[in-house]
Structure formats: C-alpha cells, structure tokens
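Working notes, beginning with the structure itself.
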Protein chains: 2
Amino acid sequence: MNQDTVGTEQWHDLAQQLRVDSIRSSSGVGSGHPTSSMSAADLIAVLMSKYLSYDFDDPENPNNDHLIFSKGHASPLLYSVYKAAGAISDEELMTFRTFHSRLQGHPTPQVPWVDVATGSLGQGLPIGVGVALAGKYLDKLPYRVWVLCGDSEMAEGSMWEAFQHASYYKLDNLIAILDMNRLGQTRETMDGWNGDHYVARAEAFGWNAIQIDGHDPEQIDEAYSEALEQAGAPTLIVAKTKKGRGVSFLEDVDGLHGKPVGADQEQAALDELGSTDDLLVEVRKPDPGSGENFTAGLTGKLELPTWEVGDEEATRGAYGAALKALGGAREDVVALDGEVSNSTKSEEFAEDYPGRYFEMFIAEQQMVSAAVGMSVRHRVPFASSFAAFFTRAYDFIRMAAISGANIRLSGSHAGVSIGEDGPSQMALEDLAMMRAVHGSTVLQPCDANQTARLV
Amino acid sequence: MNQDTVGTEQWHDLAQQLRVDSIRSSSGVGSGHPTSSMSAADLIAVLMSKYLSYDFDDPENPNNDHLIFSKGHASPLLYSVYKAAGAISDEELMTFRTFHSRLQGHPTPQVPWVDVATGSLGQGLPIGVGVALAGKYLDKLPYRVWVLCGDSEMAEGSMWEAFQHASYYKLDNLIAILDMNRLGQTRETMDGWNGDHYVARAEAFGWNAIQIDGHDPEQIDEAYSEALEQAGAPTLIVAKTKKGRGVSFLEDVDGLHGKPVGADQEQAALDELGSTDDLLVEVRKPDPGSGENFTAGLTGKLELPTWEVGDEEATRGAYGAALKALGGAREDVVALDGEVSNSTKSEEFAEDYPGRYFEMFIAEQQMVSAAVGMSVRHRVPFASSFAAFFTRAYDFIRMAAISGANIRLSGSHAGVSIGEDGPSQMALEDLAMMRAVHGSTVLQPCDANQTARLV
C-alpha cells in the first residue's frame, strides 16, 4: 500500500498486522510489552502509511522525518513497523530481545532507523524538542519530528520542560502523539481517560491540542492533517486508546503491563486479530530539501586563546573564550546553557553566534536532551551550567551514553570553589557521577591554557 | 506588631525593614541576592505578621506551619524574617555568608527553623508536597505548608510533578506563592509578567490560582485569606512583583541577579527605603492540634522473614517481606514507590498498610522529594523504584544529604540483572552515584536473608 491509495480498510488491516507482530515477537521470546504496543497500532498505521516521510534505505538523509518512541517499551510495535516497511525481515523480527539481536527490549541506535535510545520514560519528547530545534533553526529543513508518548510518562517533569520549550521556540515541526491507554504498570494513571486534562495542560503551555479516538483511523487521519497545518506552535494529539486493543482478553485489562501473551493463548489472540502478516507499506521518501548546508569539522582556522605565565584567568573564562574561537572555526558547533551563561561564560559564544546559541533556562533535563537531539543532526553541542546542576540531568546523561550521542557537557564552579554560596551550589559528586557513565571522558583542567586546549 | 492589629501601614514598614536588612546583610559580606529578596518582601511581611502560625521557641512543635523558600537564594529575606520575629539578633544577621555562620548563602537545617536545604531550584515545592502529605494523611494536623517560589524555577519539570501530585492528593494545606519578578539571572524568564500563563497551567493541573499585585498588602492579605478557605485543592498565588523593589536604581533592572549593593550605593538605597530596622513581629504560635499521635521507633515486635539454605528468593522479594514486617513493628515507617511496586515488591507493604503507602507514579524527583518532606515530620520513608531510575533524582538525593534527611532509597534490578530489557533499565552507575553522596550509606545485599536484615 502507498500514501496515495491508502484508506480506512487498509489502515485497519495494517494496524492488525502490527498487533499480530507485536504479539508474535514478544511471545516468541517470552518477554516484552505487547499490550502497550497494541494500543498505539492504529495511530502508527496511519502515520507510517500516509504521513511519515522517511527513506529506510538512507537513514542519514537530512530530509527524513524523525520518529521517536518516547514510550520505548512499545518496541515490539516499532520493530513491527520496520518489518511492514520492508526494512527488516520477519525472521529478524522474531530475534526480538534475544542475545546479539539489535532488536533490544528498548530501542537503541544500534538499529539504524532509531535516532536515540529510549526506555527511561519522559526522555523521547525532550529529545524530540532538540531534533525539532535543529530542524527549524539549524538545518532549516521541512522535516517533521513525530514523538509517540505514553500517558504514564506524562507524570515526569521532563515532559513539561519539553512542553514549555517547544512552545517558547515555536516548534511547529513537532507533533506529539499521546497514547492515552489509561493503564500504567500497576494501576490507572493519575488522569485515566480524562483527555480534557491533557488538552488543558498542553494549551496552557502554548500548544495546539486535538482530542480523538485513537482507534478510529479517520479521526487519526484528520488529526495528523490538522497538525501539519499548524503554524507557530507544536501540536499534541490526545488519543483515547485501550491497552491490548483488539484481543478480548487483553483489552483494557489491568495487570498485563510488560507481559507477553502466553503460548497457550497466543493462537487465540492471533485468531481474534485475524489478519495476515505480510502487508508491505511503501513509506514515502522525503522530497529533497533546500535547507542550509553545514560542514562538519573545521571550516576555518582555529586560533585558541592563550595566557602567559603570570596572567590570571578563571577556567570558565578560558572556556568561554575557547568556545567562541571554536565557534568561528567550526560551524557545526552549537552552545546551550541553563540560564547561567554569564557564570559559565558561554555568553561569549552567544554574542558572536546567536543563531547557534540556545537558551534552555533553568531546565537542565531539557538542556541535555536538546543537546542529544541536536547531535542526531550531527551538530556538536556544548551544554553548560554549574557542575552541581548536571546532577539534575543524570538519567539523561546516562541514556545519552546508551544513544552514543556525541555531546559536550561543561560544568563550572567545580568542587568547593564557590565558597560562600554554600553546598547546594558545589559540585562534589560530579566526577564520580560522570566517570561512571559508559563511554564518557572526564576532563578536569588545571588552568586557563589547559581549558582552552581541552575545549 | 501582632496579628490582631496589623494593617497596611505596618505591613509597608515591615516590608521595608525586610528590604533594608536584605541589603545590609548582603552588602556587609559582599555577596548574596538582595534584589531577589526585595521582590518578595511584601508577600512575606503579610504572611509572617498575620497568617503564619509558628513557635520560634519550639521549632519541633508538631502544630507549627512550615515555611519553605523554594527560591533559596532569597536567603537574606528569610534571615531578615528571623530577625523581625526575634529569633536571631541583628548582630547574627550580619554574619550572613561568613565562615562558621549558620546563615549560609542558601538555607540549610543548620538553622533550626529551616526544614530542608534549598538552593538547587525547583526542589522546595516538591518537598513541600511531602510535608503537606504528612500533614494531611499521617499527622492529620491542621498546619499549613507555605512555599515561596521563584518564577525562573517554574521552568524545572520537578515543579510540575509537584503541581500534579499536590492536586491528585487534594493538598488544600499547601499554598505556593509565586514571586513573579520577571527577571532571571541573565535575562527575562520565558513567561515574563504573563501571570495568565501561570494561572492557566496551575488550573489545568487542578489547583486554585489567584493573581495579584505582589506589592499591594491588601491584595496579598485577601489572597491568603482566600487560600485558607479553599478545600480539596492546593492554591497558587501568582504575585506580580519587581526585582529590587523599593530602590529606584535596583527596581526591575536586568543584570543585578546575585549582586549585593556596593558600599558606594548602600546608604542611598537605605535612604530610599527610609525605614527603621528594629520592628518586631509577634508571630502567632499555633493552637495545640488534635491529630493522630505516632511513636517513633519500635512499637511492636519485629519478626523479620528468613529463608533456609536452598530456598530461592529474589532480594526484591525479601525487601518487600521485610518492609512489611517492619511496617508492623514501627508506625513511623512509610513507603513510596514510582509506580513499579509489583517489581520492587513494596506492594506487600501497601497491601497491609495502605494508609502509610504513597503512590508517586512515574515521577522519581517527586518521590524522593516527598520522602524528604515526610522525614521533616519524623517519618522514616522507604522509597523504591528500579535502581537505574534513581539517577533521575540525583540532584534531589544530593540536596537531601545537605538537609541531613533520614530517608531510605531502595533500588531493585541492580546491575545487568534485568537482562533482555536492555541497558536503559540497568543500574550501572548507581553505586558510584550513591557512594559520592555525603553521609550516605550504600548497602548491597547478596541474598534474601541479608536483604531482610539490612532493611
């Protein structure tokens, strides 16, 4: 099927296939989250067959849309999408969660079509904000960022950091799809099926919000169409769904989170869904964009600042000066700061390269997420705040390592140096924290010259 | 002055004194945040002279209200309140930020009237939620929790976790005062003076919201009065204020965050404020409450579960069983969980002691904050989630150590044990993270019996 001819009946069949494959893959290995996948199957069927622009043969195509599963545990659905798109075989799908398979329990960029690792809830949307920032302000390309969110993760504060920053930066290229299936791991969420709650919050944070039945392909189709027409603000689609949708003994049943369908029930479930499992979707390849080009690596001559013996310069001063110099020599370098740029001295970069500086305000989780999102689009982000406050984003730093994201975090005011401000501002745990992160390198300069060269 | 006779003129004089003392203390030492204190002086003058119930001679009085400065950098204002209440001398006030003084740059419980350390933004309100939970559901006492919030910190996601949990738990004993002074450290906040934005968000999260001029004592008086009458929901007071209010060359001027008034300007500032600095306020002592008593320590016989050699039991199973046993023997033990209680096995405690179990949903920052808040009221909280997800709350754990809070954090699924779920669920950094926290003890049990005894 392809975008020009697809309609309600085909959407139904495709969604059923995605459900069938979500069950088969997780039942095969005996673990996984089929019911959390089944609730979003209709939403994703319409998206992939009509709205998503993506070249599975060329995941590095700069014009590709981005599809992020913020609810990473719905990985069976994501991998079933890859199969329906012809990107992986049914045989590979059935390696889900087995040793050495790239189809891990939660998505990671070991799979070439996955931008970033998810699985710690509340991270996909803030990272999507970073990708959308890159699309609108750096690449200046018309690609869209689609983020599938769970309703349990709406309790994470990081989601609301994302909501605020997305509207502040007018990210009309960002569309969040809320799979409101009501049930969390052990019980109903705080808001259940009260879609009005989510709509009111999204609107209060400056978003467009659309409420639909998430199992009605025509309503889904209309919602996506409406979202694409919005200008100046991101859109949240609040979709009322049922966990385990499509199988009578799984649908809206509490206590089935993260439980595969047992061998004794699998055939009965597949019989109820009654679909074939060999539908193929021609996902539309993106139009060539006409955005701004950028070159990775050195594009100019790098002249780092130096200080003579006897000069006194704080390491943060050297950081600011060196970052500014680097900004002049490399157009892929961007800077982000947690509203302390006059302390971290990233303000020097901001003054010379305002188009590549992003103020992230007092929201360290969003700052690190945005850096990760920009790294997806091959920028080299330098994110700075007081070293102490990177503790706020530790889960995001840990996940960035699993993503293999190429980011730089610069913490000022290390150790007890901040003195009279007291221990809340002192970075006493930062070295232990950062050294424990797989694949990270911790650099602790002793003076200004060393700082400049390390930058 | 006292609550029965206080009126507009006295509020004005008291607020001016709080401003004078905020300037004097920070100018004396040459560091601190006087302008961030001056914006909230009227709000706090009305609060302390008419609404706050607090016995400064007996900070452990269970009926005391709780006053938390979530914007901890307004410490000059807080310490000026203590002076106006007669709790500290002017001489001690002038030791602000000096070596060995308990009046640190940001408040800590080294001062007996400070419940918890603040200074990392976005923590006072979620901790206030914890104190209010204790007041409403454990102590069952009529005390109020007043939290002074800054507008910059509204960008922290943890604030919105607090908003959601406070309304979910119907915390009508919680009143948040938003000092909307528009200016952050380097620039205007994302929302500036758009009080409507904050009101809409608070209401969308289920709060009452009142918008006022934060420099008009009569409007402030009415707002507090209205807040006290609300039932079933917390109240946010959005107060439009000016940073540096009261001194022409400080008022609403950008670039003065965290800057004391220089020696050359100090007298001019004090002249403009024109107040005496020896007003004393008789803060109302609380009425004796009639809440539920509880006894700290063992109140029953503790019989820990044991397992024989050859029995197979996961450490998380032993944790659940031991916590349940402890709950029977100690009525000061409470449990919180991040909506994974069937994984961490805290569900065993929840089943037997539902009145002492608090579901914190997928909001680890709020979970740790609530534990800290309950420890203020002398409960011994056990907070559990997957060990990996405590990274989400690292800044809160770090600050809890500065508070000296007596809390227990239990992380399940340590190391790579979770296998096929993948690295996002694996706790690989947790030991490094926790061992770096001052005053913490990390216990890693090898089997079920050890687990039970360590609990």
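The values are calculated or read from the model by the stated rules, or taken from the named source; none is laboratory data. Please read all numbers here as calculations on a predicted model, not as lab measurements. Positions of Cβ are backbone-derived with ideal geometry, glycine not excepted, and every protein chain shown enters the neighbour counts.
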Contacts under 8 angstrom Cβ, first residue in the range A:209-232 being farther than 14 Å from A:I175 by Cα and in the same structural domain as A:V247 (by TED's automatic domain parsing), partner modelled with pLDDT of 95 or more and hydroxyl-bearing (S, T, Y), 6 or more apart: A:G214/A:S39; A:G214/A:T241; A:H215/A:T241
The lone exception for B:G300 - which of (1) of a type in the set (G, A, S); (2) touching a Ser or Thr at 6+ places or on another chain (Cβ under 8 Å); (3) outside the structural domain of B:L78 (by TED's automatic domain parsing) it fails: (2)
Subset of the range A:170-189 [farther than 13 Å from A:G255 by Cβ and not basic (K, R)]: A:L171, A:D172, A:N173, A:L174, A:I175, A:A176, A:I177, A:L178, A:D179, A:M180, A:N181, A:T189
Odd one out for A:V20 among (1) at negative phi; (2) within 14 Å of another protein chain (Cβ to nearest Cβ): (2)
Residues that are touching a helix residue (DSSP H, G or I) at 6+ places or on another chain (Cβ under 7 Å) and of a type in the set (G, A, S), drawn from the range A:151-208: A:A155, A:G157, A:S158, A:A162, A:A166, A:A176, A:G184, A:A200, A:A202, A:A204, A:G206
Matching entry among A:K240, A:K170, A:K259 (being touching a Gly at 6+ places or on another chain (Cβ under 8 Å) and within 14 Å of another protein chain (Cβ to nearest Cβ)): A:K170
The range A:322-339: number of residues that are out of contact with any strand residue (DSSP E or B) (no Cβ under 7 Å at 6 or more places or on another chain) and part of a helix (DSSP H, G or I): 5
Complete set of residues in the range B:393-433 that are crowded, with 21+ Cβ neighbours inside 10 Å, among the aliphatic types (A, V, I, L, M) and more than 9 Å from chain A (Cβ to nearest Cβ): B:A400, B:A405, B:I407, B:L409, B:M426, B:A427
Of residues in the range A:193-209 being part of a helix (DSSP H, G or I), more than 7 Å from every other protein chain (Cβ to nearest Cβ) and within 22 Å of the chain's Cα centre (by Cα), the one nearest to A:L256 (Cα to Cα): A:Y198
The range B:332-347: number of residues that are surrounded by fewer than 22 Cβ atoms within 10 Å (Cβ to Cβ) and among the charged types (D, E, K, R): 2
Selected residue [more than 21 Å from B:K243 (Cα to Cα) and of a type in the set (S, T, N, Q)] from B:S152, B:S167, B:S80: B:S167
Test result for B:A227, within 14 Å of another protein chain (Cβ to nearest Cβ) and either closer than 26 Å to A:E203 by Cβ or surrounded by fewer than 22 Cβ atoms within 10 Å (Cβ to Cβ) (or both): no
Residue that is surrounded by the fewest Cβ atoms within 10 Å (Cβ to Cβ), among those in the range B:352-369 that are in contact (Cβ under 8 Å) with a residue 24 or more places away in the chain, assigned to a helix (DSSP H, G or I) and within 13 Å of chain A (Cβ to nearest Cβ): B:Q365
Pair list, Cβ under 6 Å, 6 or more apart: the range B:333-351 residue within 13 Å of another protein chain (Cβ to nearest Cβ) and touching a residue at least 60 places away in the same chain (Cβ under 8 Å), other residue in a helix (DSSP H, G or I) and small (G, A, S): B:K345/B:G317; B:K345/B:G320
From B:S101, B:S152, B:S120, residue being within 11 Å of chain A (Cβ to nearest Cβ), closer than 29 Å to B:K259 by Cα and touching a Leu at 6+ places or on another chain (Cβ under 8 Å): B:S152
Residue list for the range A:264-316, restricted to those being modelled with pLDDT under 95 and small (G, A, S): A:G274, A:S275, A:G289, A:S290, A:G291, A:A296, A:G297, A:G300, A:G310, A:A314
Residue match in the range A:287-310 (condition: buried (at least 16 other Cβ atoms within 10 Å of the Cβ), under 30 Å from A:P142 (Cβ atoms) and aliphatic (A, V, I, L, M)): no
Filtered residues of the range B:153-192 (kept if part of a helix (DSSP H, G or I) and more than 16 Å from the chain's Cα centre (by Cα)): B:A155, B:S167, B:Y168
